[in-house]
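A short write-up of the structure that comes next.
The values are calculated or read from the model by the stated rules, or taken from the named source; none is laboratory data. Keep in mind that what you see is a predicted model, and the values were worked out from it rather than measured. Here the Cβ is made from the backbone with ideal geometry for all residues, glycine too, and neighbour counts use every protein chain on show.
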Amino acid sequence: MEQTLRQNILACEKQYTDQIGDAAKALLAVHHLQIITVTGPTCSGKTTTARLLTAALEDAGRSVFPVSFDDFFKNRADLPILSSGRVDYDTAAALDMETLTECLDKLIAEEPCDLPLFDFQNGCRSGVFRYVPRENDVILLEGIQAMYPEVRSHLPHEVTRSAAILPTMTVETPDGTLTARELRLLRRLVRDARTRNADAEMTLSMWADVCANEDRNIYPYLDCADIRIDSSMAYEVGVIRPMAEAVLSALPCDSTHRRYADSLLARLSHIDILPSDDIPKDSVFREFIGN
């Protein structure tokens, strides 16, 4: 049994890393490639995918310079506010488009530029990083914002290629389907509780706005991506079940999200719990469950 589980985990991991390898080959075949964008909805695995893709390109002799769209946020005082009263980071209006377009123009022209640095703790720009182009450089831009039309309009396709990360797996249970989006929600519940001190109440209260932004600014444009990578892991629901149960069970009984949490718990109860011991330390799934 343990040997079979180990083999299944390794097979899932190989399927994912093979996609990374295929993506790297496709990118290396592009003449005068200057910019790669890595995007996808929340908890799709963008960070790990960008890191592994960078390693594959550098192993092939390219020099990769990472840039995060998050560093182009406006100061918190200037960010749009949702009806709930929370700051809305998930919109093009949250970006300093003037600075972003200026930097993109210089990156494409292979000119030095001052890239901003954003301090999330203080909610403001903390400084700049002077980027000087190196021979054989390719810029890797990572973030959900790469799919926004306002951003894509400044990235000429002749020198740009885009990779979209999107887990597509669904899981059928006697109490209903765990959708691909809900599996990402489980990833986010566990990740945010572990790394961001966010309980289920906080994560679930944000979820409707997160989904609305995805439906408005990400999903309609995924077909524009040159490369698609599926970060689903067939084993993941069994591994994440006890972690998600712990987060969801702590939700107060009088929470407005209690009924939905109970629905998730009912569906999870049909999933066999699996250990995480054999999941590689560099797995994309470690982004969410930790090491």
For the range 165-181, the count of residues that are among the acidic types (Asp, Glu) and surrounded by 20 or more Cβ atoms within 10 Å (Cβ to Cβ) equals 0
Sort through ALA146, ALA93 and tell me the only one that's surrounded by fewer than 18 Cβ atoms within 10 Å (Cβ to Cβ) and either assigned to a strand (DSSP E or B) or of a type in the set (A, V, I, L, M, F, W, C) (or both).
-> ALA93
List pairs: first in the range 85-100 and assigned by TED's automatic domain parsing to the domain that holds ALA146, second part of a strand (DSSP E or B) and of a type in the set (A, V, I, L, M), Cβ under 7 Å, 6+ apart or cross-chain?
-> VAL87/ILE81; ASP88/ILE81
Please determine, by comparing only the residues of the range 105-127 that are in contact with a Cys (Cβ under 9 Å, 6 or more places away or on another chain) and part of a helix (DSSP H, G or I), which one is surrounded by the fewest Cβ atoms within 10 Å (Cβ to Cβ).
-> ASP105
Within the range 1-51, considering residues that are assigned to a strand (DSSP E or B) and either hydrophobic (A, V, I, L, M, F, W, C) or over 19 Å from the mean Cα position of the chain (by Cα) (or both), the one nearest to ILE240 (Cα to Cα) = VAL38
Would you pick out the residues in the range 256-277 that are outside any loop (DSSP other than H, G, I, E, B) and free of Cβ contacts under 8 Å to residues at least 40 places away in the same chain?
-> ARG258, ARG259, ASP262, LEU265
Just one of (1) surrounded by fewer than 18 Cβ atoms within 10 Å (Cβ to Cβ); (2) more than 25 Å from ALA23 (Cα to Cα) trips up ASP137, so point out which.
-> (2)
What tally of residues in the range 159-203 results from selecting those that are out of contact with any helix residue (DSSP H, G or I) (no Cβ under 7 Å at 6 or more places or on another chain), over 18 Å from GLY40 (Cβ atoms), in a helix (DSSP H, G or I) and without any contact (Cβ under 8 Å) to a residue 60 or more places away in the chain?
-> 2
Of the residues in the range 138-166, those that are modelled with pLDDT under 90 and of a type in the set (Asp, Glu) come to GLU150
When the range 52-68 is examined, which residues are found to be in a helix (DSSP H, G or I) and either surrounded by 17 or more Cβ atoms within 10 Å (Cβ to Cβ) or under 14 Å from the mean Cα position of the chain (by Cα) (or both)?
-> LEU52, LEU53, THR54, ALA56, LEU57
Inspect the range 69-83 for any residue being on the phi > 0 side of the Ramachandran plot, in the same structural domain as ARG161 (by TED's automatic domain parsing) and buried (at least 17 other Cβ atoms within 10 Å of the Cβ) and give the result as yes or no.
-> no
Got at least one residue in the range 217-230 being polar (S, T, N, Q), part of a helix (DSSP H, G or I) and more than 30 Å from ALA55 (Cα to Cα)?
-> no
